[in-house]
1. Cut-off under 12 Å on the C-alpha distance; same-chain residues fewer than 8 positions from residue 200 excluded. Which aspartates and glutamates are left, in chain and number order?
2. Between residue 143 and residue 45, what is 0.36 nm times their sequence separation minus the Cα-Cα distance? Round to one decimal in nm.
3. So what is the calculated 222 nm ellipticity per residue for the chain, using -39500 (n - 2.57) for each DSSP H run with n of 4 or more, over all residues, to the nearest 500 deg cm²/dmol?
4. Classify the stretch 1-155 as rounded, prolate or oblate, taking a ≥ b ≥ c as the square roots of the eigenvalues of its Cα gyration tensor: rounded when a/c is under 1.5, otherwise prolate if a/b is larger than b/c and oblate if not.
5. Pop out the ³J(HN,Hα) list for the stretch 224-230 in order, Karplus 6.51 cos²θ - 1.76 cosθ + 1.60 with θ = phi - 60°, rounded to Hz; leave Gly and Pro as x.
6. Quick query: amide H of residue 98 versus all other amide H atoms, modeled in the peptide plane; which residues come in under 5 Å with a sequence gap of 5 or more or a different chain?
7. Once a ≥ b ≥ c are taken as the square roots of the eigenvalues of the Cα gyration tensor of the chain, is the result rounded (a/c under 1.5), prolate (a/b larger than b/c) or oblate (a/b not larger than b/c)?
8. Which of 105, 92, 251 sits farthest toward the positive end of the charge dipole of the chain, with +1 on the Cβ of Lys and Arg and -1 on the Cβ of Asp and Glu?
Amino acid sequence: MRADLEALKSWVGRSVTASETVTAPPVARLAATLGMPAPASGPGDPLPPGWHVLYFLPVYGPDKMREDGSPAGGGVSPPVPLPRYRLGLDASEFPGTLRIGDELQRTTRIADLSVGETAGEPMVTMIQRSEIEGPRGVAVREEREFIYFGERAPALAPMPALPAAVWRRVVTPNPVLLFRYSALRFNSHRVHYDRDYAVKKEGLPGLIVHSTLVWQLLLELCREALPERRIVAFGPRTRHPLYDTGPFTLCGAPDGQDRALLWALDAAGSVAMTAEAGLSV
């Protein structure tokens, strides 16, 4: 097993490039899913930071799936032979703005892959970096950390100090919200919509709320609280999953002139996700 995992390092440096056009219908569908007016609808309208997740969706057939519906490698990602994974850091920078009608090109590459152990079991950490470029130059840069492991999850990074919440919103997740968000992102991971699989096969207490959905809600909380500021960077980190078994709370507070801290609390008040937003005028 160790030799097989070490061989995956040959994937470092591989890249793939794709093209796509920013269209309005996905924006309208996400806005409807979140229960808000569409922030962009006509040619030239700017998309808010973070809404790039509606484009460049993963496309893979049934033969490229794991049992749980997640991709079993393909494209730029190696086929990691470990049963579980989680997303660690999912950081984005927004040096530009995407607009309806823009012709985009995204290049994604494997920047790093390391093999280690957690609780005596093998673990693989992969860093994936992407750039999305449009007619006015680079608009989005992403860095995503994928952590693959066996039955025992690796330890989490230390908890950062959090201030008292200045902004707060309670979200009550439900199967319809999770199903619609899965459909919007062509995400077939069964833990988000197949309760029997999530509970009986995975042993989870309920359906998992997508980490991308949680950080997108945190980003919207910040954007609505500081409408005069531009969000130029966003770095969420998942600490543990949120489930549809109870409400969760979005929290945030400014941290100086150019940063905001955001976090999500589960129904018991435990921190499930933290994030930093970089701000400019």
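1. Within the straight-line limit of under 12 Å, residue 200 reaches no aspartates and glutamates at all.
2. Working: separation 98, 0.36 × 98 = 35.28 nm, distance 2.60 nm.
Full extension of this stretch gives 32.7 nm more.
3. Dividing the helical sum by the residues of the chain leaves -4500 deg cm²/dmol.
4. Verdict is prolate for the stretch 1-155.
5. Karplus-based 3J(HN,Hα) across the stretch 224-230 equals 6, 6, 10, x, 8, 9, 9 Hz.
6. 47
7. Details: a/c = 1.44, a/b = 1.19, b/c = 1.21.
Rounded.
8. Going by the Cα projections, it comes out as 251.
Values quoted throughout were computed directly from the atomic coordinates according to the rules given, and no laboratory measurement underlies them. Because the structure is a prediction, the values reported are computed rather than measured. Counting neighbours? That spans all protein chains shown, and the Cβs are built from the backbone with ideal geometry, glycine included.
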